[in-house]
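Here the structure comes first, spelled out in structure tokens, and everything after it is commentary.
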Amino acid sequence: MYEIAIIGAGPTGASAALFAAKSGKKTLMLDSNQSVTKRAWLENHYGVMEITGPDLVDIGKKQAEKFGTTIVEASVKNIVKEDHGFVISTEDNQYEAQQVIIATGLFADLAETIGLEIKPGTEPRIKTIIAVDNAGKTSIPGIWAAGTIAGASMHTIITAGDGARVAINIISELNGERYVDHDVMK
């Protein structure tokens, strides 16, 4: 069983996976390969002069994988709450996780399928988002949401930060104390 499963591998999902795996949590990231970032050209991402969206997505996945994230290319069809956590179903497999982060960007179909509380979107062309509290918790305990699907601005720098923020909140809850990840130069 995974401790944290992330649905989505764009900047939000990969950032969440990076923090989760780096903290030592057994982490799964499910990638439907539909990130809108794959169509972007970025010159407004802090720390990067310019980069293609596909390159940014690939780097994010490699960073998450470096720290132990298992990445599976599959579309999630359903998430069901069980006594021990959640069963996440794709076309071909099922995965178990204690906590789930939904980071599906523009796509609210999964949220609607599993019965999450949704509300009107806040960004242009984003019709529906998942209702979340300040920590990123949804209407189903143990399922969290981050990034554009949770109402964050769809700029990659913001969605990546939101993925990290929600992952840190989950890690903190699982650990029973506030988690902080600061690396220092040696």
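The values are calculated or read from the model by the stated rules, or taken from the named source; none is laboratory data. These numbers were taken from a predicted model, which means no experiment stands behind them. FYI the Cβ positions are ideal-geometry reconstructions off the backbone, even for glycines, and counts take in every protein chain you see.
More than 17 Å from GLY13 (Cα to Cα) and of a type in the set (Asp, Glu): is that true of ASP162 in this structure? Quick ask: steps written out before the conclusion?
Details: more than 17 Å from GLY13 (Cα to Cα): no; of a type in the set (Asp, Glu): yes.
Spelling it out, it is not the case that ASP162 is more than 17 Å from GLY13 (Cα to Cα) and of a type in the set (Asp, Glu).
Test of understanding: among GLY60, GLY68, which residue is more than 20 Å from THR90 (Cα to Cα), over 15 Å from the mean Cα position of the chain (by Cα) and small (Gly, Ala, Ser)?
Among GLY60, GLY68, only GLY68 is more than 20 Å from THR90 (Cα to Cα), over 15 Å from the mean Cα position of the chain (by Cα) and small (Gly, Ala, Ser).
If ILE171 meets every condition in (1) surrounded by 20 or more Cβ atoms within 10 Å (Cβ to Cβ); (2) farther than 18 Å from ASP31 by Cα; (3) touching a His at 6+ places or on another chain (Cβ under 8 Å) apart from one, which number is that one?
(3)
Based on what the data block shows, is LYS26 surrounded by fewer than 18 Cβ atoms within 10 Å (Cβ to Cβ), within 23 Å of VAL180 (Cα to Cα), of a type outside the set (A, V, I, L, M) and at pLDDT 95 or above?
Yes, satisfied.
Go through (1) modelled with pLDDT under 95; (2) crowded, with 16+ Cβ neighbours inside 10 Å one by one and return the number of the condition MET49 breaks.
For MET49, the exception is condition (2).
Looking at the stretch 54-86 only, could you name the residues that are in contact with a strand residue (DSSP E or B) (Cβ under 7 Å, 6 or more places away or on another chain) and among the hydrophobic types (A, V, I, L, M, F, W, C)?
Passing the criteria: LEU56, ALA64, ILE71, VAL72, ALA74, VAL76, ILE79, VAL80, PHE86.
Please verify whether the stretch 129-147 includes one or more residues that are aliphatic (A, V, I, L, M), in a helix (DSSP H, G or I), free of Cβ contacts under 8 Å to residues at least 40 places away in the same chain and closer than 16 Å to GLY13 by Cα.
The answer is no, given that none of the residues of the stretch 129-147 is aliphatic (A, V, I, L, M), in a helix (DSSP H, G or I), free of Cβ contacts under 8 Å to residues at least 40 places away in the same chain and closer than 16 Å to GLY13 by Cα.
Do you know which of the residues in the stretch 98-137 that are within 13 Å of the chain's Cα centre (by Cα) and over 18 Å from SER75 (Cβ atoms) is surrounded by the most Cβ atoms within 10 Å (Cβ to Cβ)?
Ranking the candidates gives GLY136 first.
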